[in-house]
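The values are calculated or read from the model by the stated rules, or taken from the named source; none is laboratory data. These numbers come from a predicted model, not from an experiment. Cβ coordinates were reconstructed from backbone atoms using ideal geometry, including for glycine residues, and neighbour counts include every protein chain displayed. All accessible areas refer to the heavy atoms of the entire protein, side chains included, with ligands and DNA or RNA removed. Shrake-Rupley method; radii C 1.70, N 1.55, O 1.52, S 1.80 Å.
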Amino acid sequence: MNNVFNKARLFVYQNARPLDIARWKYHFENGSIEEILTALSVYQNKDGGFGHAIEPDAWNPNSSPIDTWVATEILKEIGFSDKSHPIIQGILRYLGSGADFENGKWINTVPTNNMFPHAPWWYYDSADTSNKTNYNPTACLAGFALKYADESSKLYSVASTVAKGAFESYLSQGVLESMHTALCYIRLMEYCEEANINNLFDVSLLKKQLLKQVKGSITRNLDEWRTSYICKPSQFFNNKNSIFYTDNKEIAKYECEFIVSTQLDDGSWNINWQWEDYPQEWAITKNWWKSNGAILNILYLRGFDKLLVV
């Protein structure tokens, strides 16, 4: 198993962005949170939002809700929660500005995406109503605001309304098809629990529904895992302490075996999606995604006690 780790490490150091190298060093080599925050701040704009391809599939330098969501995910990954820090304060400023917020949601894609290299799913189409109805990343961003914004602020009030609307929408739909939107609801639940917020909606009922969601979302046809864009346990959890582990114990263990058996000779893992346009940018982006995947895969193996080191 040391070989899996060492090969992944080599790939990351040879191909990753400074941000992801800092993440690797923090998780596995006693690196500092400060190094991650320094690298992360490079992607933050003056308005407090994030851009500059922090989401590798969108090379738009302008702030967007999706890119800002990516930043919140990194902060959560490293357990950083100092609400006075400029990065968090900047995010709150962006979310509270009203930018990219329409019909009670932070929009999924932004018009300026079309001016820069991007994956087809980040193309902005003004006629696409799903951009205004999708709670990805709105549910997560509302939870982030509830945890970190001042309770007397306008943003907190807006986030409260958004969170209640998201909860009601989710319960009316049942199990969602989108694993990405489902993750945003998991984050909403986690942020509310962390901030001890239970007066906006029934958090325990949301948790109950999410347990069903995760069990129903994971792709059980293992033949599809190697070739298709599918949902694995790691989309939702990466250790035995998760509330989602018990219901998905066997397939979670299988993912450990899958990770080990599918590592490529260069230390990376295959990416089961690609862009049709912008081939030069995709060649770069692919290695960014592979580096991110290496970090997440090694974290997953460690979370299930499958690494002999780190």
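Observations on the structure shown:
- Solvent-accessible area per residue, Å², over the chain with all protein chains present [probe radius 1.4 Å]: 46
- Furthest towards positive pole of dipole, 184, 268, 213, structure part the chain, Cβ charges: 213
- Only the Cβ atoms of Lys and Arg (+1) and of Asp and Glu (-1) were treated as charged; on that basis the dipole of region 1-76 about its Cα centre amounts to roughly 260 debye.
- Amide H within-cut-off set for residue 50, under 5 Å, with H built and near neighbours excluded: 45, 64, 68
- Each residue, residue 169 and residue 241, gets one label point 7 Å from its Cα in the Cβ direction; the gap between the two is 3.2 nm.
- Dipole of the chain, positive end: most advanced residue of 15, 101, 161 [Cβ charges, Cα centre]: 161
- Summing Lys and Arg as +1 and Asp and Glu as -1 over all other residues whose Cβ lies under 11 Å from the Cβ of residue 274 gives a net charge of -2.
- Paramagnetic label zone (point 7 Å from Cα along Cα-to-C-beta, residue 261; backbone N under 17 Å) in region 1-17: 1, 4
- Check: region 154-296 dipole with +1 on Lys, Arg Cβ and -1 on Asp, Glu Cβ, in debye: 480
- A simple count of charges around residue 142, restricted to other residues whose Cβ falls under 12 Å of its Cβ and scoring Lys, Arg +1 and Asp, Glu -1, yields +4.
- Formal net charge of residues neighbouring residue 109 (Cβ-Cβ distance under 10 Å; K, R +1; D, E -1): -3
- Dipole magnitude of region 161-228, debye to nearest 20 (Cβ charges: Lys/Arg +1, Asp/Glu -1, about Cα centre): 140
- Within the accessible area of the chain (1.4 Å probe), percent carbon and sulfur: 48
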